[in-house]
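Note sheet for the following structure.
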Amino acid sequence: MTTKSYIKDYPRPQFVRTPWMDLNGAWDFSFDDNQVGVREQWYDEAQFPKGSTIQVPFTYETKASGIGDETFHPRVWYRKQVTIPIEAQGKRTILHFQGVDYHAKCWVNGTVAGEHEGAYAAFSFDITPYIRYGAENSIILEVEDSQSCAQPRGKQRWVDQNFECFYVQSTGIWKSVWIEFVHETRIDSVKMTPDIDRHMIRLDFQLSGIEGRSNLRLETRIELKGQHIQTVNFSPDRPWTTLEIDVRHEAGGPWKQLLWAPGSPNLYDIEFVMYEHEQEIDRVQSYFGMRKISIENGQIKLNNGPLYQRLILDQGYWPESHLTAPSEEALILDIDRIAEMGYNGLRKHMKLEDPRFLYWCDVKGMLVWSEMASTFEFNDEAVTRFTKEWLEIVPQQYNHPSVITWVPFNESWGIPAIAQDVRQQQFTQTIYHLTKTMDPYRPVVTNDGWEHTISDILTLHDYVEAGEVFQKQYQDKEAIVNNQISFNQWKYAYAQGHHYKGQPIIVSEFGGIAFQSDKGWGYGNQVESVEAFIERFRSITGAIKAVPYISGYCYTQLTDVQQEINGLLNEEREPKVPLDVIRKINLS
């Protein structure tokens, strides 16, 4: 099913308002390698360099941008001429950026409208004071990037050439840019928390502009598959307020709720309408899923029942557009391919994906592990940058029922001495507790792969090739969890001073099989035939599934990515082996 609020290419499908303006497409563009833009006042539309254009939201490194220059440029500028309709006068004009890498500073008609640091979190500026309504307006953006390893960068390289599993950097606008027009008194956000045991949805509202207002009414209406469930009204008198609504109704059966899960991704439509003196001033459409993720007695549960996770590692790269999906259809295709191969979820690796991708995971019932992009140094700057951006990201993805696990750290990247260094251990503990403060309802994994400190799941990365070798090593659970057996280059399950406390165990990276080639690499020995690929895949997948204390797995990976050629699909999303065979092995 799709939700009532779905609008193709709408950048924020969990919080939908109309009308809106899509600013993707052609923008004026210029490199600023000599860092003269501010001095020469490029933020003045008359001074902006003429001649070059770029297709937003694709970065200049990609072919889809129309430029395709993979050289690192530390500073770039954008300009867009936008006519704001006269009908928008009297409302607030909000300029949204879904993702800009890395530090963005925005001018509107020559005046600074705001700035933001961080590649992966969405942000917005209220540009109302600077707008000429019914006329053309100049939006100019300066973006600074760096090759610093104290900057959360994920899989983006910090040298001039690709190496190992690190790829071409992304600089500048890489997600959608858009404008919406809102009333001064409005709904800024709604945090939606399902409670399936009590049949309730809790709504935490953040409101703007209500001080000094009277005769306000906020109406919340819930529907399920076109059937009315509940309508609740109240008069808000403060910026933050909470409401709980019982979702039981005969529309879901005899006074039942319908739960969200893979195979039955039931979604409730919800609409919020703000009235002042019974005049509508704001309307937002959204949706939610009634689902619960929990851990009991060392077992992960979904909706109070056991959950065995069959995940695949998904890096979200495309050959022509890199980190940016070439279209919404491309996002859907990846999800459909994953489901076709018998996986019930994915680990989105080193990237915070487009909200439209999470929307379709919600709609199609695909589980998601959401993972922060790593830094690659540990110092005060890296800690500050990482923490600030992660605290923006968690609320932005909170409402998606598909997101069931937070992964702030991976393989000790950015925390290289965590095995012994108490400061680095404390950093992961701090991020764990901050995350649990904002979201106590999802598991948090620190540090995915090995050298865990505090973590709700013990995750292990193991690229052993033969199933019999895996089974032999994992037959002794106590040796695994008590640091008596090492993984990849002498890594152990726990950092010093930390111990296993009965958590579920998941092999969250394995496989990585590649066909024989001199153009890239995979994990272990490359195979020469489809038959050899399938046999190795069957052997190692079956071995993991045969270990009774393992709660799931994550295969590396969905597609090839540049020099890394260990995908089940190539970069063009073409299968390398029959997908029905992969499906049978996963579901057997």
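Some points to look at:
- Compactness index (Cα Rg / 2.2 N^0.38 Å), region 293-587: 0.95
- Between amide H atoms placed 1.01 Å from N, distances below 5 Å from Asn24 occur with Val177, all of them 5 or more places distant or on a separate chain.
- Residues with amide H under 5 Å from that of Gly172, placed H, sequence gap 5 or more: Asp101, Tyr102
- Selection among Gln557, Phe205, Ser138 by position relative to the dipole of the chain gives Phe205 as farthest towards the positive end (Cβ unit charges, Cα centre).
- Whether region 33-80 is rounded, prolate or oblate, judged on the alpha carbon gyration tensor where a/c under 1.5 counts as rounded: oblate
- 3J(HN,Hα) from dihedral phi, region 133-148, Karplus parametrisation 6.51/-1.76/1.60, rounded to Hz, x for glycine, proline: 7, x, 9, 7, 10, 9, 9, 10, 10, 9, 10, 9, 10, 8, 9, 5
- Cleavage-rule hits (chymotrypsin sites (Phe, Trp or Tyr not before Pro)) in region 479-588: DSSP loop, at most 13 neighbouring Cβ within 10 angstrom: Trp490, Tyr549
- The chain, relative contact order in percent, only Cα pairs under 8 angstrom and at least six apart counted: 12
- Anisotropy class of region 172-268 from Cα gyration tensor, a/c 1.5 cut: oblate
- Remark: region 186-288 carries a charge dipole of roughly 220 debye about the Cα centre, counting +1 on each Lys and Arg Cβ and -1 on each Asp and Glu Cβ.
- Rg and Dmax [Cα atoms of region 90-214; Å; Rg one decimal, Dmax integer]: 19.2, 61
- Relative contact order for region 20-182, counting Cα pairs under 8 Å that sit 6 or more residues apart, in percent: 31
- Summed side-chain charge close to Gly502 - residues other than Gly502 whose Cβ falls under 13 Å, Lys, Arg +1, Asp, Glu -1: -1
- Cα gyration tensor shape of the chain, rounded if a/c is under 1.5, else prolate or oblate by comparing a/b with b/c: oblate
- Rounded to whole Hz, the Karplus (6.51, -1.76, 1.60) HN-Hα couplings of region 20-31, x for glycine and proline: 8, 10, 8, 9, 5, x, 6, 10, 5, 8, 8, 6
- In terms of distances greater than 23 angstrom between alpha carbons, the cross-link table entries Lys63/Lys155; Lys155/Lys348; Lys8/Lys388; Lys8/Lys584; Lys364/Lys501 yield Lys8/Lys388; Lys8/Lys584; Lys364/Lys501.
- Dipole in debye (nearest 20) - region 331-370, about Cα centre, beta carbon charges: Lys, Arg +1; Asp, Glu -1: 120
- Helix content alone sets the calculated 222 nm mean residue ellipticity of the chain: runs of n ≥ 4 DSSP H residues at -39500 (n - 2.57) each, divided across all residues, give -5000 deg cm²/dmol.
- About its Cα centre, the chain has a charge dipole of approximately 1460 debye under the convention of +1 per Lys or Arg Cβ and -1 per Asp or Glu Cβ, with nothing else charged.
- For region 293-587, the relative contact order works out to 20 percent when only alpha carbon pairs closer than 8 Å and six or more residues apart are counted.
- Sparsely packed chymotrypsin sites (Phe, Trp or Tyr not before Pro) within region 209-277, loop by DSSP, other Cβ within 10 Å at most 15: Trp255
- Distance between the 7 Å Cα→Cβ label points at Glu244 and Ile295: 2.6 nm.
- Rg/Rh for region 20-182 stands at 0.98; both radii use Cα atoms, and Rh follows the Kirkwood definition.
- Working note: Cα atoms of region 250-350, range along each principal axis, descending, whole Å: 53, 43, 23.
- Peptides 434-441, 313-320 ranked from most to least packed give 313-320, 434-441, packing being the mean of other C-beta atoms within 10 angstrom over each peptide's residues.
- Sparse-neighbour loop sites [GluC sites (Glu not before Pro); region 75-178; at most 13 other C-beta within 10 Å; DSSP]: Glu164
- Scalar couplings 3J(HN,Hα) for region 86-91, obtained by applying the Karplus form with A = 6.51, B = -1.76, C = 1.60 to θ = phi - 60°, are 4, 5, 7, 4, x, 10 Hz; x denotes Gly and Pro.
- Scaled against the 2.2 N^0.38 Å expected of a compact globular protein of N residues, the Cα radius of gyration of region 394-541 reads 1.17.
Read-outs: derived from the displayed coordinates by stated rules, not from any lab. None of these values were measured; they are calculated from a predicted model. Every residue, glycine among them, receives a Cβ derived from its backbone with ideal geometry; neighbour counts consider all protein chains shown.
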